[in-house]
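Reviewing the structure listed below.
What follows draws every value from the coordinates through simple rules; no lab data is involved. The model shown is predicted, which means the values in this text are computed figures rather than measured ones. Counting neighbours? That spans all protein chains shown, and the Cβs are built from the backbone with ideal geometry, glycine included.
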Amino acid sequence: MRKNSLSIHSENILPIIKKWLYSSRDIFLRELISNATDAIKKLRILRECGQASDDATPLEIHVRIDKKAGTLTISDNGIGMTEEEVEKYIAQIAFSGAEEFLAKYKKETDADPIIGHFGLGFYSSYMVAQKVELKTLSFLSGSSPVFWTCDGSSSYEIGPSEPKERGTDIVLHLGEESAEFLQESKIRELLDRYCSFMPDPIFLNGKPINNCEPLWTKSPSACTNQEYLEFYRKLYPMKEDPLFWIHLNVDYPFRLQGILYFPKSIQQLEHKVSKVMLFCNRVFVADNCNDILPDYMTILRGAIDSPDIPLNVSRSYLQIDQKVQQLGAHISKKIADKLTSLFKTDRQAYIANFQEIEWLLKLGLLHDDKFRDRVKEILIWKNTTGEWTTPQEYLDRAKEKKIYYCKGASASKIRQVYQDRGIELLTTTNPIDSPVMGALELTLNVKFQCIESELDETLVDASREKTLLDSDGKSIATRIADLFRAELPKELKIEAKSLASDSIAGLFLVDEQMRRMRDFGLLTQEKKDFAHIGRSFVVNTNNKLVQAAHRLAAAKPDLSKRLALQVYDLARLSQKELEQDEIEQLLARQQALLEELVEG
């Protein structure tokens, strides 16, 4: 058994880095600017430790384009390198100088972390460059300038360079296939995208780029509303001002900063992809936080920055682990706390914004047990008198542990019966309300009942039941039920009842559980046919039209049948059970019936 070390051939590694390591060629500029930022940060740390002199020169990063020479140069006046360090950190692929520095100065870098970790960022330059030159001078007294160059092959050249000031220049020689990176507009776009919030001044051909300090680095108490709005406009220039926001500032058990905004005019599932930007040490990583934020928070906008997020080698994607889950759980808690605080301290503002945040609350309640427990008391519905109320407030006013609700905001005869008897009704206009109410039944120990789900005693007038039997041993109610049963779909359950309101000719009832299944099908766009499952049709024996159909059954059976169908059609129409083509058929039948009645 022999033991040996793996061999790595640069002629094989560089093509892999060039083609597969990074998701986009554009990232090369982010990586080189990050390296320059680290070089400056290291110098500052050494100065604070008394290991480097301070000459008061402004620490800056400069990007220069030379179209004539076909070069793009990234310069910094940070720590610089000696020839030995160039051999160690540049000539050895995947050997991270940042990691070595962190190990040596861990205490000094805890509050202000170093960006680099993998020792590969420099080689991202070969995604766009045919040849790379490096000119550097270390901060160490007596150091000599060093020149290094490589054309992407397995060999490089290193030697003395012409005198220069402390720091590093990286010169990329670009070919025709990378000519776009010699356009100032393109480089400015990339710098704006990836480097807007870098801590050190960045200049492009002498013009400043990053003049905006990220607001999330400030204490929430030090930020004004105007600053929050201006920062939102910088992140989303073309969007309406947000409703409100949450400033995240966490030190334990992980470091997390950020600002999350609740935008205006977000409907249902308009955005299935998160618009919250992800940063690591102020370096742009991704334009979404899908792997951190739960799905129900995709409507949020803003920025999250954490040095503790586990990134892959290219710093383009998250590596999902327990820490990412903890981040998501903590953000979820902060969102719930913010909404609960708003509900308790400014209920009017909460109500005014509720339709914008409704989907987040309700989806979160369905998908996250901890979130549900935090927000279950702040869900509100409008009742039929126009007031917004929570389920608990409804129960405090009611005489029983039951909450009555109706579908939609339009008036109906059934609804009027409940209101005439002083029974409060909540109104629902969203398919998601059915599963939400189902979840709340378990946590609040209450029953939600749609007024069109079962024949509640409120709707029945037992004193006028038609129970008297005729010579055949059948009651009027039975005869009426038989009449309608003969004309209506066989799978529909038919009942004839004495309803409290004579104006109601007939009404459809859908079993509560089946109604919720149907609403869930609408929500998830499942193509299931719930047309007749769990449905019944109740005919009112006290309604004049129904009574007329019963009286005409013997003398004019055809007219009687048509009146029965008319009752059925009107009930379907009033309860929005008709499709467009069925409405047209109803109108034709109604016109024919009226013509017959006029002629008769």
When the dipole is taken about the Cα centre of the range 428-467, and only Lys, Arg (+1) and Asp, Glu (-1) are charged at their Cβ, what size is it in debye, to the nearest 20?
-> 20
Modelled label-to-label distance, Glu84 and Glu213, 7 Å Cα→beta-carbon offset: nm?
-> 3.9
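Note the full-extension length gain between Thr429 and Leu455 as 0.36 nm times their separation in residues minus their Cα-Cα distance, in nm to one decimal.
So the extension gain works out to 7.2 nm.
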Between beta-carbons, use under 13 Å as the cut-off and find the net charge around Lys413, counting Lys and Arg +1, Asp and Glu -1.
-> -2
So, over other residues within a Cβ distance under 11 Å of Tyr156, counting Lys, Arg +1 and Asp, Glu -1, the net charge is -3
Distance check, please: which entries in Lys68/Lys131; Lys401/Lys493; Lys41/Lys186; Lys135/Lys186; Lys333/Lys362 exceed 18 angstrom between their Cα atoms?
-> Lys401/Lys493; Lys41/Lys186; Lys135/Lys186
Using 0.36 nm per residue, how much length does the chain from Asn249 to Thr385 gain when fully extended, once their Cα-Cα distance is taken away?
-> 44.7 nm
Considering only the other residues whose Cβ falls under 10 Å of the Cβ of Ile403, what net charge follows from Lys and Arg at +1 and Asp and Glu at -1?
-> 0
Stretch gain in nm, segment Asp472-Ser221, where the contour uses 0.36 nm per residue and the Cα spacing is subtracted = 81.9 nm
Which one of Ser161, Ile202, Trp216 has its Cα pushed farthest toward the positive end of the charge dipole of the range 150-251, where Lys and Arg give +1 and Asp and Glu give -1 at the Cβ?
-> Trp216
Separation between Cα centres of the range 55-69 and the range 472-501, rounded to whole Å = 89
So the FRET efficiency between Ser144 and Gln92, C-beta based with R0 = 25 Å and rounded to 0.05, is 0.75
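Please compare each pair in Lys234/Lys334; Lys67/Lys239; Lys42/Lys323 to a cut-off of 32 Å on the Cα-Cα distance and tell me which ones are over it. Walk me through the numbers before you get to the answer.
On the way: Lys234/Lys334 24 Å; Lys67/Lys239 36 Å; Lys42/Lys323 27 Å.
Listed pairs above 32 Å: Lys67/Lys239.
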Nearest 20 debye, what's the magnitude of the dipole of the range 125-184 about its Cα centre given +1 on Lys and Arg Cβ and -1 on Asp and Glu Cβ?
-> 360
In the range 125-228, which GluC sites (Glu not before Pro) are in a loop and have at most 16 other Cβ atoms within 10 Å, using DSSP for the loop call?
-> Glu165
Rounded Å value of the spacing that divides the Cα centres of the range 170-227 and the range 360-426 | 50
Based on the Cβ-Cβ distance of Gln183 and Ile158, what FRET efficiency does E = 1/(1 + (r/R0)^6) give at R0 = 35 Å, to the nearest 0.05?
-> 0.65
Cα-based shape type of the range 120-205, given that a ≥ b ≥ c are square roots of the gyration tensor eigenvalues and the cut on a/c is 1.5 = oblate
Classify the range 383-503 as rounded, prolate or oblate from the Cα gyration tensor: take a ≥ b ≥ c as the square roots of its eigenvalues, call it rounded if a/c is under 1.5, otherwise prolate when a/b beats b/c and oblate if not.
-> prolate
